[in-house]
1. Pairs only if they're at least six apart or on different chains, beta carbon under 9 angstrom, first in the stretch 89-105 and under 17 Å from THR179 (Cβ atoms), second not in a helix (DSSP H, G or I); list them, first residue then second.
2. Would you check if there is a residue in the stretch 105-125 being at pLDDT 75 or above, surrounded by 14 or more Cβ atoms within 10 Å (Cβ to Cβ) and not in a helix (DSSP H, G or I)?
3. Consider LEU71 carefully, then state whether it is farther than 30 Å from GLU91 by Cβ, in contact with a helix residue (DSSP H, G or I) (Cβ under 8 Å, 6 or more places away or on another chain), part of a helix (DSSP H, G or I) and at pLDDT below 75.
Amino acid sequence: MRSHYHSSMQPPSSPGPSADSTTTPSRLTAALDRTGVIASVGCAIHCMIAPLLILVAPTLGGFWVHPVTHLLIAALVLPVASMALWRGFREHRRRWIVTVGGIGMALVIIGVILPWTTPPAHAAPAESTESTTCQACCPTVHRDEETGALALHIPPASVVTLLGGLALITAHIANLRATCGGCSRHRRREESAAEATATA
């Protein structure tokens, strides 16, 4: 009777947060990070295969190296990175991840601006502004008029953008590991608490 009275007088325990309500932010952050990795890899591939496209398909290659294409990729990469890193930092509080991601985003922005401000040094005066801007955006292949030899030109904007993409890939992967690791630890704690309650 005493044990029954004691148990009946205990206040009902408030239900803890469900696993879904706790892991939903991390799932969204993980989705953003995966999208960011794919977009950043796409940005790096965009720069690396430009010379091949120019040789194989000049029309497609001309569109591929156009700064507007670069701008569209940055318009996808930067918002995704900003949201993912901010949401991830609120969960794991690791400043170095945000720092690396911030450096990557800054380099991508610089890579977008450079083609419009620094035309390539080898551009002829008669070439149009659009043509020289495209050459200053991505690696291009040029044929020497005297010797006929092909030469690969890698503009600073391409190098800066590639470094920014690598920094963003590093930050997204670290953010993904940190947030998903936190979800796993939380689920293990909840499972242990549930087992302890069941055996009590």
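The values are calculated or read from the model by the stated rules, or taken from the named source; none is laboratory data. For clarity, every value in this text was computed on a predicted model and none was experimentally measured. Note that each Cβ is placed from the backbone with ideal geometry, even for glycine, and that neighbours are counted across all protein chains shown.
1. Pairs that qualify, where the first residue is under 17 Å from THR179 (Cβ atoms) and the partner is not in a helix (DSSP H, G or I): there are none.
2. no
3. Details: farther than 30 Å from GLU91 by Cβ: yes; in contact with a helix residue (DSSP H, G or I) (Cβ under 8 Å, 6 or more places away or on another chain): yes; part of a helix (DSSP H, G or I): yes; at pLDDT below 75: no.
Taking the combined requirement at face value, the residue does not satisfy it.
Yes/no matrix, rows are residues, columns are (1) out of contact with any helix residue (DSSP H, G or I) (no Cβ under 8 Å at 6 or more places or on another chain); (2) farther than 22 Å from GLY102 by Cα; (3) at pLDDT below 65; (4) of a type in the set (Phe, Trp, Tyr):
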| site | (1), (2), (3), (4) |
| --- | --- |
| ILE154 | yes, yes, no, no |
| THR161 | no, no, no, no |
| HIS172 | no, no, no, no |
| HIS186 | no, yes, yes, no |
| ALA196 | yes, yes, no, no |
